[in-house]
Amino acid sequence: MIAAKQNDDEFLVELVKSLSAMKYPHNIEGGFSIAERYSQEVSDAVREIEESITRTDHIAYAQSSSTVSTSTIVNFVLGISERPVAMVYKLKDEIDSYIFSIRGGDSCKVHLGRVVNQISSELGGSGGGHEKAIQKMIASFSFIPVTTRYSTSNYYSLCRWSFSCYIGAT
């Protein structure tokens, strides 16, 4: 319910009140239908992105246009692709920036948080994370010159290039 209504402050306040009163989520009015709708949105987003996943030896990545967060979708890309690392990104027009979510599976042998910090210092933007889960943002005005600098207008190539430098993907 929280993920489905994360931008609805009024709902979130009421949800906290209900949970504080020891109500179970399935007893919260409208809770089941909210969860059902959200699970359908996630399913649709995964189905949509599944065909566009690019796979290399070590990385799977795709661009998303879904309203579902990249941090939710990337977990499915990691599972579907069976690669050590998965990345999903999308343009957020309202902030004129690209949002990247990156996940590492059990076979990922590098600390992705450190890798992303290094890439952030080279490409600009902000981000942070842990060994296996990262969120990053790059302003679109700084992202496009970077793609030109590396002789490509293909964002997928930039993503692949960035990780190839650090984890040896081909």
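No lab work stands behind these numbers, since they all come straight from the coordinates. Quick caveat: nothing in here was measured; it's all calculated off a predicted structure. Note that each Cβ is placed from the backbone with ideal geometry, even for glycine, and that neighbours are counted across all protein chains shown.
For segment 19-42 and segment 67-88, what is the centre-to-centre distance using only Cα atoms, to the nearest Å? Taking the Cα centre of each part, segment 19-42 and segment 67-88 sit 24 Å apart. Only aspartates and glutamates eight or more places from residue 90 in sequence, or on another chain, were considered; those with a Cα closer than 19 Å are 41, 44, 48, 50, 51.
Computed from backbone phi with θ = phi - 60° and the Karplus coefficients 6.51, -1.76 and 1.60, the 3J(HN,Hα) list for segment 130-135 is 10, 4, 10, 9, 9, 10 Hz; x is used for glycine and proline. Each of the peptides 35-43, 75-83 was scored by the mean count of other Cβ atoms within 10 Å over its residues; in descending order, highest first, they stand as 75-83, 35-43. Distance between the modelled labels on residue 114 and residue 20, one decimal in nanometres: 4.3 nm (7 Å Cα→Cβ projection).
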